[in-house]
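Here the structure comes first, spelled out in structure tokens, and everything after it is commentary.
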Amino acid sequence: MGFDVGFVPYNPDGWGPPEAAAAPSSLGGGSASVPFAPFSRSDKLGRIADWTRNPPGQGAFAAARDTVFDFAGLEDSVGLASADDASFRLVDGKPPPRHPRFGPRWRFQQRPQLPQRRDEEVEARRREAEKERARRDRHWQQNRRTHHQFNRGGPSSSAKPSVDIQPEWSVKEQIPFSSFSKLSFAVADQPEDLLVCGAVEFYDRAFDRVTPRAERRLERFKSRNFFKVTTTDDPVIRRLAENDTATVFATDTILAALMCAPRSVQSWDIVIQRVGNKLFFDKRDGSQLDLLTVNETAQEPLPEAKEDINSAHSLAVEATYINQNFSQQVLLRNGEKVTFDEPNPFATEGEEAASVAYRYRRWKLDDETSLVARCEVHAVNVDPRGERQFLTLNALNEFDPKVTGVDWRKKLETQRGAALATELKNNANKLARWTAQALLAGADMMKLGYVSRLHPRDHYNHSILSVIGYKPRDFAAQINLNTANMWGIVKSIVDVCMKLGEGKYVLVKDPVKPQVRLYEVPNDAFENDYVEEPLPEEEQVRPFSEDVDATAQEMDAAAEAEATGTTAGADGDAEKSGEAAAA
């Protein structure tokens, strides 16, 4: 057994096979099908296969596979041997560059697919994305319908209504806030001033120049009394009702709560009495309407523990206390006052009342219905033309810059708009109510004060950082408060109540859902002889009495002790009491 090496031609004349040598049968039977060029050992060899030729395009791989051994571009074997050094190319042994593994370039070049299959995959992915988006939208709508108020910083799921709903109460109406947004009603005529009572002092323009670098300490006014009298307890409104001056009676605080109801998160209630053809909108003793909310519409909810100085109730009492003192400190206390038709109807003889004027104004809703409201203005001012202007004074309070995210002491001078935008986000309902009250009172200017704690853990001592004035109508347009929509809400509630029979009703804002319910209650409800479960004592607003001065003295003593102690001592004393006394 041997190995057949085959036929090997011999060339006696030179190097290489003979010129007319016959090829063996294994290579095609004598046909010269293999190109060959004679060369010497000093010549450079040409390329056997060009692995670098990779034309781009859809058929890159097929073209590369077909052209690796394509030598059609060569003239002939002789031309290849006689090529100069410029035509010589080395085979590149480096790996090809790696493209980023994302994007359409990588997908289509690394994994070529048929156009039809690729379109089907894209369409399938699009359908899956639409299904996922629709599922998320349904889930979001469901959460928004049930927990929308809580995501904005409202009460928790265990929140209770502002008044205990009794089993014998019957629901007459249930109005969602979504229906309020579509209402619009334009009051035909300008309101008529029926009577102006009280006395006001002049505004001190020096407070317009207060800055965080030149802040002013907030003072306490223990001797001045503030009155929060409901509608039916007002002797002037009783007199106007006896004279059939109007058919609907209310106060600016109650009307502002109704007008800004869609912006509210926390629960509140209004008592409505139908007597003959007249309607009286009242508030209960110790109602939440007497307190100012803090961070009601913020994203992060406040703690619910009453002993915490930063809880919702403690901050509401603190904000009310700050607002009252601020409205008296920014006045010229030189004894000069502007008096009106009658004195303060709620102050007794020898009692010093706060600077406030009550304007009893009448609006005509239709041919048969007119509304009288008691509106408040806190100061007067004289413009450059010498005309008298009415002002309303309110204060925003900062309790902890870490909670709001904006430090007033750093931002009020350079970024005042950012501070106001943060307050509009966190206290949209409170600012809207103040604006509505200024519009109802016919104020020419509303002054907003920025009051901050001296220390985040000290809720007794505060400083006035800035005072900014706005025209009520311009500010209402800035916060997107529509006057026609405000009156549309009031007109719709009045029309609903006018269709009811005589009796007593209560309008309650639901603590969970964005809606209000109208209950029919017994005539002796909310009176001393009416038996119902009272609110906890710490949640009730104590009426103004003779012990207000004693409470103020106690607060002053605590503040002096904190001022003389260290910061740690101030923190310990501040945490002992979670509630400040509202004047």
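The values are calculated or read from the model by the stated rules, or taken from the named source; none is laboratory data. Quick caveat, the model's predicted, so the values are computed rather than measured. Don't worry about glycine lacking a Cβ; one is built from the backbone with ideal geometry, like all the others, and counts go over all protein chains shown. Protein only, heavy atoms only, side chains kept; ligands, DNA and RNA dropped before computing areas. Shrake-Rupley method; radii C 1.70, N 1.55, O 1.52, S 1.80 Å.
Quick look at the values:
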read-out: Where a label projected 7 Å from the Cα of K278 along Cα→Cβ would reach, residues of the stretch 225-250 with amide N under 19 Å; value: 229-250
read-out: Total formal charge among the other residues, if their Cβ is under 12 angstrom from that of A441, Lys/Arg +1 and Asp/Glu -1; value: -1
read-out: Those lysines that a straight Cα-Cα span of less than 25 Å connects to K499, excepting residues fewer than 8 apart in one chain; value: K172, K182, K278, K283, K364, K491, K509
read-out: Loop trypsin sites (Lys or Arg not before Pro), the stretch 190-264, which have at most 11 other Cβ atoms in a 10 Å radius of their Cβ (DSSP); value: R213
read-out: With DNA, RNA and ligands ignored, accessible area of M486 (1.4 Å probe; Å², nearest 10); value: 10
read-out: Heavy atoms of S179 accessible to a 1.4 Å probe, total area in Å² rounded to 10; value: 40
read-out: Sum of side-chain charges, N277 neighbourhood, beta-carbon under 11 Å (Lys, Arg +1; Asp, Glu -1); value: -1
read-out: Using θ = phi - 60° and Karplus 6.51 cos²θ - 1.76 cosθ + 1.60, couplings along the stretch 490-506 (whole Hz; Gly, Pro as x); value: 5, 5, 5, 5, 4, 5, 5, 6, 5, 7, 8, x, 5, x, 10, 9, 9
read-out: For T251, distant residues with modelled amide H under 5 Å away; value: R374
read-out: Sequence-distant residues sharing a close amide H with G503 (under 5 Å, placed H); value: R274
read-out: Rounded to whole Hz, the Karplus (6.51, -1.76, 1.60) HN-Hα couplings of the stretch 363-376, x for glycine and proline; value: 10, 9, 7, 7, 5, 10, 10, 9, 10, 10, 10, 8, 10, 10
read-out: Other-chain or far-sequence residues with amide H under 5 Å of E398's (modelled H); value: V451, S452, R453
read-out: Cα-based shape type of the stretch 249-398, given that a ≥ b ≥ c are square roots of the gyration tensor eigenvalues and the cut on a/c is 1.5; value: oblate
read-out: Distance violations [Cα-Cα > 29 Å] among K337/K471; K402/K447; K160/K222; K228/K411; value: K160/K222; K228/K411
read-out: All Cα pairs of the stretch 266-350, percent lying beyond 19 Å; value: 64
read-out: Sites D233 and R409, calculated FRET efficiency, Cβ-Cβ separation with R0 45 Å, nearest 0.05; value: 0.60
read-out: Loop-resident sites, the stretch 461-501, for trypsin sites (Lys or Arg not before Pro), counting at most 14 other Cβ within 10 Å (DSSP); value: K499
read-out: Phi to ³J(HN,Hα) by Karplus 6.51 cos²θ - 1.76 cosθ + 1.60 over the stretch 509-519, Hz, x for Gly, Pro; value: 7, 5, x, 10, 9, x, 7, 10, 10, 10, 10
